[in-house]
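These notes are about the structure you will find just below.
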Amino acid sequence: MQTPLFLGQDNTDIGYIINILYIAMFLVLVFWGEKIQTRIRLRDIEYALERLRLMRDESVKFTKEKLKKYGREEINRFLDNYLEFVTIPPVDMDPAGVVWKLDHIVKTAEDRVRSEIKQIIPDLDESHVLNIMNLFEASYALNYYYKVVRHYYILSKKTSSYILIIQLQAILPQVMMEAEAYLGALQAFSSGQPIGDGAGALVAARLMRGGEIFDIERDNVCTVKNIQGRRVYFMKAKGPGGAVGTPGDALMKLSEKESFKMIFMVDAGLKLEGEKTGSIAEGVGAIIGGIGTEKYKIEEVATKKAIPLYGMIIKMSLKEAITPMTKDVLNGVEEAHQLLLKRIVEKSSEGDTVMVIGVGNTMGIAQ
Amino acid sequence: MVTRWASPSRRVSALEKSPVSLLVPFYFFLLGLLILFSLILLVQGVTGAGRNDSVTNMLFIMTGLTGLVSTFYMIRRYQLSVQKTLKERKIVVLTVEECSKCSYKAVRPFREGDYVYGYGEECPRCPKSLGDTGVENRMVITAIYLEGGRQEERY
């Protein structure tokens, strides 16, 4: 039986050409294989970087277009400056008291941006100022992503570090996903639509309906209602502007005059891939994101006064958290609302005082 | 106003198309070479090219066909990716209004200035009272959400 010959094994002209090609390819891959791979990976990074630049430029352009209606040229200049704004975190060599320092710095930064926007457009109401701040933050985030990726791209190119290039390429899908989410959030921020992160605030808003609303501390509102003999405090950030409030400060103030039997917290939480959007997870602890200062204050009050901290998370992806609220999240809000009422009655007794905090960005959600 | 919230994303997609990249012509040049090479192999396999070895001829035909199929597959993939980028996503945000008196419920596209627990339009069912201050007859916005239920994931 004749042995079958493969391409290049026979003594034809094409066979010789293919043999030479194989040998050439082998030599090229042996000597320049890593270089070729580096080039290919760098091209991928370049493409992502270009896309990030376009996203950043588009977000800045979109924000400026939206601000045109106010007819103030200074706001555009302020936005350009804001993109390079830095907030220096406090020194943490001696960690005692670092939370209060960080809290002070963050509030100072927020106050400065808020006051400058108000200074440029004096007739703007508070909710619009907060929405503009959210728009600025989206552009800031996109600019930051672009600059960091560009930094590592240039650095890896300069040093020809294969490891650095692989690391950068490995995290790029995640970075691009987050950048896409921020780009998608612009329209919601500009027109004040409720976003997924406002799920916790919406639960609180639903429970607050009909109660007498009063302001407490910075950007928070609160009401007291009677639920089956329990005195229940409901708190959320003050809407409909895009505020997250300072629930920690408000809780500290309220706990001075009230003795809470328990604290319930509801917030939007990032789901893991494969989990259902709008599903509810119950648990214990201070359910609140952010830089950690508000969480610290809530934990301090709860620990000092031995108040149990219960909470529930309404699950969603990052994109769903910062873009207009989806129907799935809204269904989760309804479920959390019913579940929370049930848990308040189950866990507390008649005559108890209970605190309920709806955490999250309250853009497009009043009270 | 119907809100198409993905407009900045669409504009980025459109901008991405604008710079003339050398990569695309180069890619198609390589695909052209591959088609040519595959065709030569196929013709050689079919005609036999002076060989009486049927196994080698069959291998030539198979390689040529594989080359052609994979080339057309790559062209189709490119076409699909272009179509996907250019496809306009119209995502509409809806506002739900409810009358607190008669529980009438209405759903309409979101308008700038709408917010949950803010006032919406007048209730078409409830009669306007004489001493109406302009708010009494209006429905309350109870929900604002994205039509379609879920966000489209690109990754």
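The values are calculated or read from the model by the stated rules, or taken from the named source; none is laboratory data. As the structure is a computational prediction, the values presented were derived from the model and not from experiment. Cβ atoms come from the backbone with ideal geometry, glycine included; neighbour counts cover every protein chain shown.
Annotations
- Residues that are within 20 Å of A:ALA243 (Cβ to Cβ), among the hydrophobic types (A, V, I, L, M, F, W, C) and not in a helix (DSSP H, G or I), drawn from the stretch A:330-367: A:MET355, A:VAL356, A:ILE357, A:VAL359, A:MET363, A:ILE365, A:ALA366
- Scanning the stretch B:70-92 for residues that are modelled with pLDDT under 75 and within 11 Å of chain A (Cβ to nearest Cβ) gives B:ARG89, B:ILE91.
- Exactly one residue out of A:GLU300, A:GLU282 is of a type outside the set (Val, Ile, Thr), part of a strand (DSSP E or B), away from chain B (no Cβ under 14 Å) and touching a residue at least 12 places away in the same chain (Cβ under 8 Å), and it is A:GLU282.
- Filter pass, A:LYS319 being of a type in the set (Lys, Arg) and either assigned to a strand (DSSP E or B) or crowded, with 21+ Cβ neighbours inside 10 Å (or both): yes
- The set of residues from the stretch B:52-69 being within 10 Å of B:SER38 (Cβ to Cβ) and either more than 9 Å from chain A (Cβ to nearest Cβ) or among the basic types (Lys, Arg) (or both) comprises B:GLY64, B:LEU65, B:THR66, B:GLY67, B:LEU68, B:VAL69.
- Cβ-Cβ contacts under 9 Å between residues 6 or more apart (or on different chains), taken from a first residue in the stretch A:35-62 that is facing another protein chain (nearest Cβ under 9 Å) and within 15 Å of A:TYR153 (Cβ to Cβ) to a second residue that is modelled with pLDDT under 90 and surrounded by 14 or more Cβ atoms within 10 Å (Cβ to Cβ), are listed as A:GLU50/B:GLU16; A:ARG51/B:VAL12; A:ARG51/B:GLU16.
- A:PHE234 vs. criteria in contact (Cβ under 8 Å) with a residue 40 or more places away in the chain and over 30 Å from A:SER191 (Cα atoms): no
- Test: residue in the stretch A:302-316 that is more than 21 Å from A:LEU272 (Cβ to Cβ), among the charged types (D, E, K, R) and out of contact with any Asp or Glu (no Cβ under 7 Å at 6 or more places or on another chain): yes
- Residue check, A:VAL333 facing another protein chain (nearest Cβ under 9 Å) and either surrounded by fewer than 21 Cβ atoms within 10 Å (Cβ to Cβ) or not polar (S, T, N, Q) (or both): yes
- Of the residues examined, A:ALA188 is not one that is closer than 30 Å to A:LYS253 by Cβ, touching a strand residue (DSSP E or B) at 6+ places or on another chain (Cβ under 9 Å), surrounded by 24 or more Cβ atoms within 10 Å (Cβ to Cβ) and within 14 Å of chain B (Cβ to nearest Cβ).
- So A:PRO247, is it at pLDDT 90 or above and closer than 20 Å to B:VAL140 by Cα: no
- Residue within the stretch A:268-276 that is under 26 Å from A:ALA138 (Cα atoms) and in a helix (DSSP H, G or I) present: no
- Of the criteria (1) modelled with pLDDT under 90; (2) in contact with a Lys or Arg (Cβ under 9 Å, 6 or more places away or on another chain); (3) part of a helix (DSSP H, G or I), which one A:ALA188 fails: (2)
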